[in-house]
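Please read the structure below before turning to the comments.
Every number here is computed from the coordinates shown, using simple stated rules; none is lab data. Since the model is a prediction, treat every value here as computed from it, not as a measurement. Cβ placement follows ideal geometry from the backbone for every residue including glycine, while neighbour counts extend to all protein chains displayed.
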Amino acid sequence: MHEDYTGNLREFILNRNEEQSAAFRSAAARLARVRYRAEHPTEIAAWKCMDGRLNLSVYTKTPPGIIQPFRNIGGKFDLGWPFFQEVIKEYVKYATHHGRRVLVLVTYHFSKGDHHRGCAGWKYDTGAAHAAADMLAVQAGSVFGTSPRIVYPIVVGIETDEEGLVLHGTDGKTLDLESLKTAEHIETSIRDLYPDMDPQMVTDLVPLLRGNLEHVSEVRASHRPPIDLEHREQIIAVGRGFDWLHMPNKALIIGPFSHEWPDAVATAGKIILGNLDANRVPKHEGVLLLVSALSRDEEGSFGWNMATEKAKYLERVSRAILAERVPELSENLQVLSGVVSGHTRKLHALQ
Ligand SMILES: [Zn+2]
């Protein structure tokens, strides 16, 4: 636990957000992002599982804030979901208006050491998770078009023991980064996998893979054991804008993209109740419902106000479903809701 932790989960999270936001908006961090964007204009999105281990910025040694995450249980998405459509439409419009192409990492995750360290959202069935990612990439191709590919979805497997990436090409070819001994062949390998990829996008994908090669060799050299996956979560995080929260096994993050999102909140509530009952998390620390709406608009603008209303709506529905489906949690439940600024990552609490 954090050194300032006094047993109040809400305070702990507010403090952590403050620290992480201060680091993100520091002069050096801002300059690093601006410089990176100037050199690598491709927008990069990652569609991924809510699993707290999957930190692609760390895995690829990319400055925080460059890869935009979209999270849901199992990395399951459908471009027919109205909420998902809304955010993707806004994202693609923003990128293309700025003259940028969009690279979408459509991901699934697995463990090579023990399949039970794989994706719980798919009941550890890596084949099914991979097949769904393939289908999603095809769906994205049919939505955004394939010639030329301005929005380019690529299917990526994330191996969580050593944190290496596996890239899948459109015609069944695969590039396991582990198989590359040096960074030398990365660019040729990308061209081989994705022959129709724009040269600038290839150039912008290279540093992610080079960073991943370096990261994997550091993980190996550290001889650290794979991250313990026994559930210890005590936070139900609902909404978007949780990049600052990355703490394995601390929070279950639910992106409210599907109309079935309240069911996912109930599932998360049951997992956390199980953690309390098995004493995997101390009862006195309690359980936190953390709700966030992400906004890139100015505070006080209608866009910001809509985000405020969204946070209120997400909180209201989450509270109601937990009260109905997991009433045992109510005595330990703390609530923290707010709007997270996309520019600073600061959580502006509503209460
Ligand atoms: Zn997962």
Margin query: Run the numbers for Val206 and Glu187: contour at 0.36 nm per residue of separation, minus the present Cα-Cα distance, in nm.
Written below: 6.2 nm
Check: Taking R0 as 30 Å, what's the FRET efficiency between Lys173 and Ala128 from their Cβ-Cβ distance, rounded to 0.05?
Finding: 0.90
Note to self: Explain nothing, just the number: dipole magnitude of region 1-149 about its Cα centre with +1 on each Lys and Arg Cβ and -1 on each Asp and Glu Cβ, in debye rounded to the nearest 20.
What the structure shows: 480 debye
Checklist line | In sequence order, calculated HN-Hα J values of region 84-96 (Karplus, 6.51, -1.76, 1.60; Hz; x Gly/Pro) | finding: 5, 3, 4, 6, 5, 4, 4, 5, 5, 5, 4, 5, 5
Check: What's the angle, to the nearest 10 degrees (0 to 90), between helix 27-39's Cα axis and the longest principal axis of the chain?
Finding: 30 degrees
Check: From the backbone phi of region 267-282, what are the Karplus-calculated ³J(HN,Hα) couplings (6.51 cos²θ - 1.76 cosθ + 1.60, θ = phi - 60°) in whole Hz, Gly and Pro given as x?
Finding: 4, 4, x, 5, 4, 5, 4, x, 5, 5, 4, 8, 6, 7, 10, x
Next item on the list: Starting from the Cα-Cα distance between Asn279 and His343, subtract it from 0.36 nm times their residue separation and give me the gain in nm to one decimal.
Entry: 19.2 nm
Margin query: Quick check on the chain: of the DSSP beta bridges with both residues there, what percent are antiparallel, nearest 5%?
Written below: 20 percent
Checklist line | Amide H within-cut-off set for Gly169, under 5 Å, with H built and near neighbours excluded | finding: Thr174, Leu175
Item checked: Choice from Gly255, Gly65, Gly99 showing the highest fluctuation, given a GNM over the chain with Cα pairs closer than 10 Å -> Gly99
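Please compute one quarter of the surface area of the Cα convex hull for region 40-222 and express it in square nanometres. Kindly include the intermediate steps, with their values, before the conclusion.
Working: hull surface 39.9 nm².
For region 40-222, the mean projected area of the Cα convex hull comes to 10.0 nm².
Is there a pair in Lys93/Lys312; Lys123/Lys270; Lys61/Lys123; Lys250/Lys283 whose C-alpha atoms are over 19 Å apart, and which pairs would that be?
Details: Lys93/Lys312 27 Å; Lys123/Lys270 16 Å; Lys61/Lys123 30 Å; Lys250/Lys283 14 Å.
In this structure, Lys93/Lys312; Lys61/Lys123 exceed 19 Å between Cα atoms.
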Next item on the list: State the extension gain, in nm to one decimal, for the chain segment bounded by His98 and Gln139, taking 0.36 nm per residue of separation less the distance between their alpha-carbons.
Entry: 12.3 nm
Checklist line | region 29-134: equivalent-ellipsoid semi-axes (sqrt of 5 x gyration tensor eigenvalues, Cα, Å) | finding: 27, 18, 10
Notebook entry, point to check: Glu39 versus Glu328, label points 7 Å from Cα toward the beta carbon: distance in nm?
Noted result: 5.2 nm
Margin query: For a Förster distance of 45 Å, can you work out the FRET efficiency between the beta-carbons of Ala120 and Glu299, rounded to the nearest 0.05?
Written below: 0.75
Check: Amide H of Val238: which non-local residues (sequence gap of 5 or more, or other chain) have their own amide H closer than 5 Å, using H built in the peptide plane?
Finding: Ile254, Leu290, Val291, Ser292
Check: From the backbone phi of region 345-351, what are the Karplus-calculated ³J(HN,Hα) couplings (6.51 cos²θ - 1.76 cosθ + 1.60, θ = phi - 60°) in whole Hz, Gly and Pro given as x?
Finding: 6, 7, 8, 9, 5, 7, 8
Next item on the list: Report the one residue of Leu103, Ala268, Val166 whose Cα lies farthest in the direction of the positive end of the charge dipole of the chain (charges on C-beta: Lys and Arg +1, Asp and Glu -1; origin at the Cα centre).
Entry: Leu103
Next item on the list: Show the residues, 5+ positions off or on another chain, whose built amide H is closer than 5 Å to the amide H of Gly118.
Entry: Ser111
Check: Beyond 34 Å, what share of the Cα-Cα pairs of the chain remains, rounded to the nearest whole percent?
Finding: 24 percent
Margin query: With unit charges on the beta carbons (Lys and Arg positive, Asp and Glu negative) and the dipole taken about the Cα centre of region 235-349, which residue among Ser337, Ala320, Pro282 sits farthest to the positive side?
Written below: Pro282
Next item on the list: Tell me what the chain gives for mean residue ellipticity at 222 nm when only DSSP H runs of n ≥ 4 count, each as -39,500 (n - 2.57), the sum divided by the residue total, rounded to 500 deg cm²/dmol.
Entry: -13500 deg cm²/dmol
